[in-house]
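The values are calculated or read from the model by the stated rules, or taken from the named source; none is laboratory data. Quick caveat: nothing in here was measured; it's all calculated off a predicted structure. Please note: Cβ atoms are built from the backbone with ideal geometry, for glycine as well, and neighbour counts cover all protein chains shown. Heavy atoms of the whole protein, side chains included, go into the accessibility calculation; ligands, DNA and RNA do not. Shrake-Rupley method; radii C 1.70, N 1.55, O 1.52, S 1.80 Å.
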Amino acid sequence: MLLFAMGFLLLILQPSTGQFPRVCANTQSLLSKECCPPWDGDGSPCGELSSRGSCQNILLSQAPLGPQFPFSGVDDREDWPSVFYNRTCRCEGNFMGFNCGECKFGFSGVNCTERQLRTRRNIFQLTINEKNKFLAYLNLAKNIPSQDYVIATGTYTQMNNGSNPMFRDINVYDLFVWMHYYASRDTLLGGSSVWRDIDFAHEAPGFLPWHRAFLLMWERQIQKITGDENFTIPYWDWRDAEDCGVCTDEYMGGRHPTNPNLLSLASIFSSWQVICTRSEEYNSQQALCNATSEGPIRRNPGNHDKSRTPRLPSSADVEFCLSLTQYESGPMDKMANYSFRNTLEGFADPQTAISNPSQSGLHNALHIYMNGSMSQVQGSANDPIFVLHHAFVDSIFEQWLRRHRPMLEVYPAANAPIGHNRENYMVPFIPLYRNGEFFKSSRELGYDYEYLQEPALQSFQDFLTPYLQQARQIWAWLLGAAVVGGIITAVLTGLIKACRKKKRGTSSEIQPLLIEGEDYNNITYQSNF
């Protein structure tokens, strides 16, 4: 019965967001460098006949990059995705997708005109049925092949510049594990040489927008394979936690009774196999992760290096981080001081905001604390706790956006590490998204967090608060002005009445021209003002 249900779901899958679209993973597309698939609705490339989009040349940012990556032309991810494609679908209006067959985040309906706002909730606030459904959805994603996307198993050079495509199928969950690996992997320089100081998703301004887009794509994929359009990722609020509250068989898997590095056999996640965890092996072979199974999920929370991460983050740590007014600063990498991004990511001290890469705070602290698959950057998404953790990190990002209301220009336009400038396309997403597109409130992207929700009236009050505070500071002057205004009003009213009495004695021929009931009312209204 389960196999039948899975087969049925495969038939109803729609185009999704991911890495290499299956329809473009072929010799013709690679040699022509064009990925403009037809939309099923009208059969035209990018749905052009229906005004959904058109096939266009990719416009790459020309802004200068930081000094962290001193090479050019050695990595397929440079100027993404131009090594593989230089023409893709550019969608119009609220349409989105590699063939413009979807709606932008936050929209739905046949013509993508209906606004949507879904709510992400605390995993501990879910009902038993809701929690069990979430776990079942995760397991389903791990067992259903992606219908629309494949992964690259070789570099463009290893593909003979496109004449020998190297791609393979992958399940829906592992597709996202592979994308996280691909964005953070080392640069292969040939022979046994690699360049490690490169990451298109971490250690720079794009860290928060990249993971925001990543979670939205993951969330939408789950909605599609399950048919549950209202599904949202739950979050784990780890502030002031004394231990891993989600590390139980009821939630994300408890500890194995005889091997503390593995998960309890009572958890569905104990049978999961990880991928993309052997970075040194790939580097020595100058190869990409090909998504071969590499063993079970490993996790031993709390038995980590205490000198690096002495405790889990506190509410005070988060509040201090939120008080920082600069999104980015200095070199815009893990050495940045007083940077909200670098402090939240965990490379700066959460009590001083001074960079200290030898310690792991906030976001990084959770990864180190888990002491297993989640503690190695490239393969960290193998552990399903990853999505709960990053959903909460995203909620802190959202709090900062709401508190400081930054303009888009606050996000660096130039001189950030490679791939992290505002107009750079995020690696390795197709369709294409720029970093700056996700530097905005989550509500504009169609979702909110339960603990951050506020009524419309509160939003209006927030808007008025600074003005009311200023008014309180000058209330005495306002009161005095009101008294003076009242006196002036009384004097003017008296003068007008006196003039009226005086003019009653004038010629009846000119009296109607000087005073009408309507004009008098207007004069009174203006004098009161």
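With the biggest extent put first, the Cα atoms of region 115-211 measure 54, 32, 31 Å across the principal axes. Need one word for region 259-356: rounded, prolate or oblate. Basis is the Cα gyration tensor (sqrt eigenvalues a ≥ b ≥ c); a/c below 1.5 gives rounded, then a/b vs b/c decides. Taking the square roots of the gyration eigenvalues as a ≥ b ≥ c, region 259-356 is oblate. In terms of accessible area, using a 1.4 Å probe and ignoring ligands and nucleic acids, 352, 119 rank largest first as 352, 119.
Backbone amide hydrogens, once placed in the peptide plane, bring residue 447 within less than 5 Å of 118, excluding anything fewer than 5 places away on its chain. Loop only per DSSP, at most 13 neighbouring Cβ atoms within 10 Å: give me the trypsin sites (Lys or Arg not before Pro) in region 176-224, ordered by residue number. Those that pass, being in a loop and sparsely packed, are 196. Listed values for region 107-113 are Karplus-derived 3J(HN,Hα) couplings in whole Hz (6.51 cos²θ - 1.76 cosθ + 1.60, θ = phi - 60°), namely 10, 8, x, 4, 9, 6, 10, and x replaces Gly and Pro. Shape call for region 198-255 from the C-alpha gyration tensor, a ≥ b ≥ c root eigenvalues: rounded (a/c under 1.5), prolate (a/b greater than b/c) or oblate? Oblate shape, in that a/c is at least 1.5 and b/c is the bigger or equal ratio. Pairs exceeding 26 Å between alpha-carbon atoms, taken from 142/224; 131/224; 104/440; 224/334; 131/334: 224/334; 131/334. Full extension of the chain between residue 72 and residue 268 yields a length gain of 66.1 nm, computed as 0.36 nm times the residue separation minus the alpha carbon distance. A straight Cα-to-Cα reach below 20 Å connects residue 33 with the aspartates and glutamates 48, 75, 76, 78, 79, 148, residues fewer than 8 places away in its own chain not being considered. Both the radius of gyration and Dmax for region 201-328 are 18.1, 48 Å, in that order, over alpha-carbon atoms.
Counted over all Cα-Cα pairs of region 59-106, pairs farther apart than 17 Å make up 53 percent. In this Cβ point-charge picture (+1 for Lys and Arg, -1 for Asp and Glu), region 217-276 has a dipole of about 300 debye about its Cα centre. Taking 433, 338 and ordering them by how much accessible surface each has at a 1.4 Å probe, largest first, produces 338, 433. Summarising the label geometry, the points placed 7 Å from Cα in the beta-carbon direction at residue 407 and residue 352 lie 3.4 nm from one another. For residue 112, the solvent-accessible surface with a 1.4 Å probe is about 0 Å², rounded to the nearest 10.
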